[in-house]
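Note sheet for the following structure.
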């Protein structure tokens with residue numbers, strides 16, 4: 001039997017949650033609903049989902065606070081988070097991504113868009129079939145064990161940052177445009193803006209600490225990973 005990806009829906013409005021759940025069920029997903037952060041934490045403690053759809057505006061703790069907490073916790077760090085937001089404003093999207101979301105969906109959204117975005121984050125999370133171990137100037141990435149270290153110290157990365165670093169390291173010294181990165185790392189850039197790439201690169205640099213300097217911004221062209229930094 002094919003694995004049905006489990007999606008935790010954290011949404012306080014029952015009609016919206018119900019609509020999402022029905023659409024997910026029809027498309028081979030297993031939806032679980034929580035109406036606030038407390039209920040969501042209970043679900044996460046019981047079973048880790050494959051992805052989380054997290055509403056920005058919730059009673060009690062906001063989606064932003066929850067996203068930050070789940071990203072900081074080693075157990076939930078690898079679960080992709082999609083923020084549901086009624087705000088289409090650019091600063092809000094960036095705040096959501098900065099808090100640890102992997103993507104965001106602006107309400108009202110179409111079922112097709114929602115499914116495409118969920119499938120995209122699940123695809124990014126799926127381990128690539130390459131089991132390579134790459135080392136560049138003290139930075140080591142092991143694709144098989146999903147581990148990264150810098151000068152033998154472990155580095156913690158979220159799923160999107162890991163894939164981004166993996167791609168950079170496999171193609172070191174080459175400059176990649178945002179569009180190329182969306183294509184190769186995200187794999188479904190129909191609904192994803194180039195600005196998202198900048199946020200994830202920034203997050204990757206911050207997570208890498210000193211080694212973050214190896215990821216250079218090439219003005220007007222994109223990004224590259226270089227051992228010369």
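Quick note: the coordinates plus some simple rules give every number you see, no bench work behind them. From a predicted model like this one, the values you see are computed outputs, not experimental measurements. In this analysis, Cβ positions are derived from the backbone assuming ideal geometry, glycine residues included, and neighbour counts consider all displayed protein chains.
Some observations on this one:
- Spin-label model, residue 68/residue 135: points 7 Å from Cα along the beta carbon direction are separated by 3.8 nm.
- Cα-based equivalent ellipsoid of the chain: semi-axis lengths in Å, sorted from largest, via gyration tensor: 31, 18, 17
- Sequence-distant contacts, meaning Cα pairs under 8 Å at least 6 residues apart, place the relative contact order of the stretch 54-121 at 30 percent.
- Rounded FRET efficiency, nearest 0.05, which uses the C-beta distance separating residue 184 from residue 57 and R0 of 30 Å: 0.35
- The gain in end-to-end length when the residue 38 to residue 142 segment is fully stretched comes to 33.9 nm, 0.36 nm per residue minus the alpha carbon separation.
- Computed [θ] at 222 nm, deg cm²/dmol, the chain (DSSP H ≥ 4; -39,500 (n - 2.57); rounded to nearest 500): -11500 deg cm²/dmol
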